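Enquirer: Once you've had a glance at the structure underneath, I'll fire off some questions.
The values are calculated or read from the model by the stated rules, or taken from the named source; none is laboratory data. All values derive from a computational prediction rather than experimental measurement. Cβ atoms come from the backbone with ideal geometry, glycine included; neighbour counts cover every protein chain shown.
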Amino acid sequence: MAVKVITDSIKSISVWMGISIHVWIVAEEDGVTLVDTGLSFMTSSILKEIDRMNAGPLKRILLTHGHSDHVGGLKKLLRTHDVPVYMHAKEIPYAEGDLAYPGKERAYAHVEKGLLQPLPVTAGKNGELAAIGALIPYFTPGHSPGHTVYYHDKERVLLAGDMLNAKSGRIIPARFTPDPEMAMRSGSDILRRLDPERMEVCHGGTVFRPAGQLDDLEEGLKQAREAEARLQARKDSKKRRH
Ligand SMILES: [Zn+2]
Ligand SMILES: [Zn+2]
């Protein structure tokens, strides 16, 4: 288990399971917010680190989405900490097993019913997601139908879940993603809009000034798509000739 100081008020806790899995603890005025819960065996380390942070008790849990590597510790955490758990309203039926995640044949309950609350929305007519403490949630579908990232505006850190992945400080497209184009669009839109100082992803860690990487990344993906289209065209014309 590795603990990393991100900023004055944010730390990450991670394990390596062939890929890294990160969760984040954020010191707030009234206590601590946990973003994602990782796998259940991470729970005691998470709670120990919250104690060590000396910023008060765990107050709430925010979830980026309902995949098992993000909600795996929830049940154990709630056994000793009766705190509200928030997730985007669109994600809840998938997490609770009423709907099958896109690309999956069967619905599966990753979270017991009755534990999740929809992220509150603001009163305005656009119904934007309301800030919770220092974190502002943003809806970023693609990796999952209700995927949400959390932005620490004051410290300019984006806690990005699986919206994108990273490798050695570079953004890479999110793996295990049924709609990679939508995920990429969500990612580049929010990074250009917020221009965070750093992005923290669940699988891959830190990316500094991620918006500055987008042009290169998009160009690379475009070239890969074009190469694939050329290959397909060649295959098709060969088929026609035979
Ligand atoms: Zn995921
Ligand atoms: Zn994940």
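Enquirer: If only one of Gly161, Gly212, Gly142, Gly204 is more than 18 Å from the chain's Cα centre (by Cα), at pLDDT 95 or above and either crowded, with 18+ Cβ neighbours inside 10 Å or farther than 20 Å from Glu91 by Cβ (or both), which one is it?
Expert: None of the other options fit; the residue is Gly212.
Enquirer: Residues of the range 68-101 being away from ligand 2 (no atom under 15 Å from the Cβ) and within 18 Å of the chain's Cα centre (by Cα), which ones?
Expert: Passing the criteria: Val85, Tyr86, His88, Ala89, Lys90, Ile92, Pro93, Glu96.
Enquirer: Looking at (1) surrounded by 13 or more Cβ atoms within 10 Å (Cβ to Cβ); (2) not in a strand (DSSP E or B), which one does Pro137 not meet, given that it meets all the others?
Expert: Answer for Pro137: the failing condition is (2).
Enquirer: If you scan the range 160-203, which residues turn out to be among the aliphatic types (A, V, I, L, M), touching a strand residue (DSSP E or B) at 6+ places or on another chain (Cβ under 9 Å) and within 13 Å of ligand 2 (Cβ to nearest atom)? Steps first, answer last, please.
Expert: From the range 160-203, those among the aliphatic types (A, V, I, L, M) are 160, 163-164, 166, 171-172, 174, 182-184, 190-191, 194, 199, 201; that's our starting set.
Retained after the next criterion (residues that are touching a strand residue (DSSP E or B) at 6+ places or on another chain (Cβ under 9 Å)): 160, 163-164, 166, 171-172, 174, 190-191, 194, 199, 201.
Within the range 160-203, Ala160, Met163, Leu164, Ala166, Ala174, Val201 meet the criteria.
Enquirer: Residues that are touching a residue at least 12 places away in the same chain (Cβ under 8 Å), closer than 14 Å to His65 by Cα and not charged (D, E, K, R): does the range 214-230 have at least one?
Expert: no
Enquirer: Ok, one more. Name the one entry in Lys104, Lys125 that is over 15 Å from the mean Cα position of the chain (by Cα), charged (D, E, K, R), within 15 Å of ligand 1 (Cβ to nearest atom) and loosely packed, with under 14 Cβ neighbours inside 10 Å.
Expert: Within the list Lys104, Lys125, the selection yields Lys104.
Enquirer: Kindly provide the set of residues from the range 201-213 that are assigned to a helix (DSSP H, G or I) and in contact (Cβ under 8 Å) with a residue 12 or more places away in the chain, ordered by number.
Expert: Selection gives Pro210, Ala211, Gln213.
Enquirer: Quick test for you: out of Pro196, Pro178, pick the one residue that is part of a loop (DSSP other than H, G, I, E, B) and either within 12 Å of ligand 1 (Cβ to nearest atom) or loosely packed, with under 15 Cβ neighbours inside 10 Å (or both).
Expert: Within the list Pro196, Pro178, the selection yields Pro178.
Enquirer: Return a yes/no flag: does the range 61-76 have any residue that is more than 16 Å from ligand 1 (Cβ to nearest atom), closer than 21 Å to Lys113 by Cβ and in contact with a strand residue (DSSP E or B) (Cβ under 6 Å, 6 or more places away or on another chain).
Expert: There is at least one residue in the range 61-76 that is more than 16 Å from ligand 1 (Cβ to nearest atom), closer than 21 Å to Lys113 by Cβ and in contact with a strand residue (DSSP E or B) (Cβ under 6 Å, 6 or more places away or on another chain).
Enquirer: Report, ordered by the first and then the second residue, all pairs with beta carbons closer than 6 Å, sequence separation of six or more or different chains, a first member in the range 49-71 that is touching a residue at least 24 places away in the same chain (Cβ under 8 Å) and crowded, with 17+ Cβ neighbours inside 10 Å, and a second member that is assigned to a helix (DSSP H, G or I) and among the hydrophobic types (A, V, I, L, M, F, W, C).
Expert: Matching pairs, first to second residue: Leu58/Ile50; Gly66/Ala95.
Enquirer: Here is a follow-up. Go through the range 5-59 and give me each residue that's among the basic types (Lys, Arg) and more than 16 Å from His152 (Cβ to Cβ).
Expert: Matches in the range 5-59: Lys48, Arg52.
Enquirer: I would also like to ask the following. Can you list the strands (runs of 3 or more DSSP E) found entirely within the range 1-68 that contain at least 1 residues being within 18 Å of Gly205 (Cβ to Cβ)? Break it down into steps so the answer makes sense when it comes.
Expert: Values: elements: 2-5, 10-16, 20-28, 31-35, 58-62.
Counting at least 1 such residues, we get 2-5, 10-16, 20-28, 31-35.
Enquirer: Within the range 100-111, does at least one residue satisfy the condition of being under 24 Å from Arg198 (Cβ atoms) and either at pLDDT 95 or above or of a type in the set (Ser, Thr, Tyr) (or both)?
Expert: No, the conditions are met nowhere in the range 100-111.
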